[in-house]
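First up is the structure itself, then whatever we jot down about it.
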Amino acid sequence: MSEPGGPPGVAARTAALRALGRIRRDAAWSQPALRAALDRAGLPAEDRALAAALVYETLRWEGTLDWALEQVSSRPLRKVEPVVADALRLGAWQLLHGRQPDRAAVSTTVAAAGEVAGKRVTGFVNGVLRGLARGRERLPWPDPATDEGLGLRLGYPAWIVAAARARFGERAEPVLAAGNDAPGVMLRATGGPAARDALLDELRAELRVQGLEPAPAPHAAASVHLGSNVDPDRLASVRQGRAVVQDEASTLVGAAAGALTPATRTDRGRRRAVDACAAPGGKATHLAEQGLAVLALDRHAGRAGAMADEVAAHPRSAALGVAVADGRALPLPDASVDLVLVDAPCTGLGVVRRRPELRWRVAPQDPGELAAIQQALLAEAARVVAPGGAVCYSVCTWTHQETAAVVETVEAAPPGTPQAALTPVEPDLGGAGTQLPGDPGIQLAPDRDGTDGMYVRCWHAGPAEA
Ligand SMILES: C[S@@+](CC[C@H](N)C(=O)[O-])C[C@H]1O[C@@H](n2cnc3c(N)ncnc32)[C@H](O)[C@@H]1O
């Protein structure tokens, strides 16, 4: 953690501050923005790992850090220049959760703030951080029985704690705490079972060369777990498209949806599937690998374009088409496809392990607004699915509004609507997930399943074909 010509640790903190600024200014997702910022900084591996850890922790604990800083600073954080607020949060995380001595944490952070924002800010940053170091033991933490108190202890806004308590009851705390764990890298072997076994052997060999050992995924046969300190882009199998990075929960959804379509439907050749919200394409390609002819749609042209490029770079099936379309108005006739996957836009609270900043970007009104879109997507899916086919609804979140309440609108739809012709069918999720009280769908969560917090409910359409 040293820098030629500079005090130890300053280069990592400077890179972390620059990355935090970039993520804030562009409202960018942390993972790609951090990678780009660290590539530019050209740090040695140890500094790079430290900078990445500091960025993720600072983003994850933003609310708690802001609260603690406001207890010791005379100036409210919202009145502080954004780059200075970033520096204060970076320093506060080290003082509240880091392992290095206070002096080193403060001096390196102050030096990094000087590098990024100029010498004029160093006095203020130094003063506030020293104040926090002195007052840390006397902070008036609210009772964790309150939503605010638990939120500050676990690093979530109070409204998310309230939503988790409403959804999971006493399990809310473990679910939220597991959202702070490092998820590790999960790979799904592409291709059929034969290719998969060969690939798993190959992966083990590749990893052994790096001194690593893959572990089997608990639920999905096609997946391997590589731990959190692996860069999957360095694996030849990933670069060549023989394996893809995909969380086990998403792999389980793709496999379960593919297995629901009627194998008897051979009159038109391949079974036809529509992935109504397909980008970046993880589940659509998985469906294609299972032998379905897949139309992968996305409303956003940029995302659909990136998916088309990825499909072209790693062609796994001739029967995978990409197009731009709104899943609420599909360019398809009634009763024309065998499977509709609605992997809908959602708050994403089930993937906070990978996107720690997301919890501070989602707003309390978002679950309701997204639930309305999800309902419209499912109504359209019910229209285009053919009798004997299936509709699968999945979201990578757990709020009641986006899960059970949406399913309720499908299952209580009035006679005469396309949704009324749907009958529930249990997807095979390899034993993962649980049913929460009053909700027929399956909720996966990181505390029990070790996966992203994905929710799934599937239906068959009309009478099954003979
Ligand atoms: C959860 S992501 C899908 C992930 C994808 N199924 C996968 O496994 O890689 C949701 C996607 O829905 C798209 N989307 C949002 N609103 C949409 C709409 N009305 N119609 C179609 N796609 C939409 C977003 O652009 C986003 O790419």
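A few points about this structure:
- Judged by a Cβ-Cβ distance under 4.7 Å, the unpaired cysteines of the chain are CYS277, CYS346, CYS396.
- Burial ranking of peptide ranges 45-55, 108-118 (average Cβ count within 10 Å, highest at the top): 108-118, 45-55
- Over the stretch 1-96 - Rg/Rh using Cα atoms and the Kirkwood inverse-distance radius: 0.98
- Paramagnetic reach from LEU139 in the stretch 57-72 [backbone N under 14 Å; point 7 Å along Cα→Cβ]: 58-72
- For the stretch 115-243: rounded, prolate or oblate by the Cα gyration tensor [a/c cutoff 1.5]: oblate
- Every Cα-Cα pair in the stretch 373-420 was counted, and those over 14 Å apart are 50% of them.
- Full-stretch length increase - ARG103, ALA28 - with 0.36 nm per residue and alpha-carbon distance subtracted: 23.8 nm
- On the beta carbon distance between ASP201 and ALA313, with R0 = 25 Å, the FRET formula returns roughly 0.55.
- Extension gain, SER74-ALA177: 0.36 nm per intervening residue step, less the Cα-Cα distance, totals 33.9 nm.
- Charged side chains reduced to their Cβ positions (Lys and Arg at +1, Asp and Glu at -1) give the stretch 298-411 a dipole of some 400 debye around its Cα centre.
- Taking other C-beta atoms within 10 Å as the exposure proxy, ASP197, ASP66 rank ASP197, ASP66 from fewest upward.
- Charge dipole of the stretch 171-235 (Cα centre as origin; +1 on each Lys and Arg Cβ, -1 on each Asp and Glu Cβ, all else neutral): 120 debye, rounded to the nearest 20.
- Only Cα pairs under 8 Å and 6+ residues apart enter the sum, and on that basis the relative contact order of the chain stands at 13 percent.
- Farthest towards the positive end of the charge dipole of the chain, among the residues PRO418, LEU59, HIS300, is the Cα of LEU59, using unit charges on the Cβ of Lys, Arg, Asp and Glu.
- Shape metrics for the stretch 396-466, restricted to C-alpha atoms - Rg then Dmax, Å: 13.4, 42
- Amide N of the stretch 184-223 lying under 15 Å from the label point, which is placed 7 angstrom from the Cα of GLN240 along Cα→Cβ: 189-191, 195-207
- Bridges between two residues of the chain, per DSSP, are antiparallel at a rate of about 55%.
- Dividing the Cα radius of gyration of the stretch 41-164 by 2.2 N^0.38 Å, with N the residue count, gives 1.08.
- Size of electric dipole in the chain: Cβ of Lys, Arg +1 and of Asp, Glu -1, about Cα centre, debye, nearest 20: 1420 debye
- Cα gyration tensor shape for the stretch 279-391, rounded if a/c is under 1.5, else prolate or oblate: oblate
- Size check on the stretch 186-246: the Cα extents along the three principal axes, sorted descending, read 27, 25, 18 Å.
- The stretch 249-461: C-alpha gyration tensor shape, a/c 1.5 cut-off, then a/b vs b/c: rounded
- Inter-centroid distance (Cα atoms) of the stretch 80-110 relative to the stretch 441-461, Å: 38 Å
- Between the stretch 197-276 and the stretch 294-324, the Cα center-to-center distance that results, in Å: 18 Å
- In terms of surrounding Cβ atoms within a 10 Å radius of their Cβ, GLU310, GLU369 rank from fewest to most as GLU369, GLU310.
- Share of pairwise Cα separations in the chain, more than 29 Å, in percent: 53 percent
- Here's the picture: charge each Lys and Arg Cβ at +1 and each Asp and Glu Cβ at -1 in the stretch 249-461, and of ALA256, GLY291, GLN443 the one pushed furthest to the positive end of that dipole is GLY291.
- Cα long-axis angle, helix 45-60 against the chain (0 to 90 degrees, to the nearest 10): 80 degrees
- Cβ-to-Cβ counts within 10 Å put ARG239, ARG60, ARG328 in ascending order as ARG239, ARG328, ARG60, the fewest first.
- Extension gain, ARG35 back to ALA166 (0.36 nm per residue minus Cα-Cα distance, nm): 43.5 nm
We did not get these values from a lab; they are worked out from the coordinates using the rules stated. Computed from a predicted structure; not experimentally measured. Don't worry about glycine lacking a Cβ; one is built from the backbone with ideal geometry, like all the others, and counts go over all protein chains shown.
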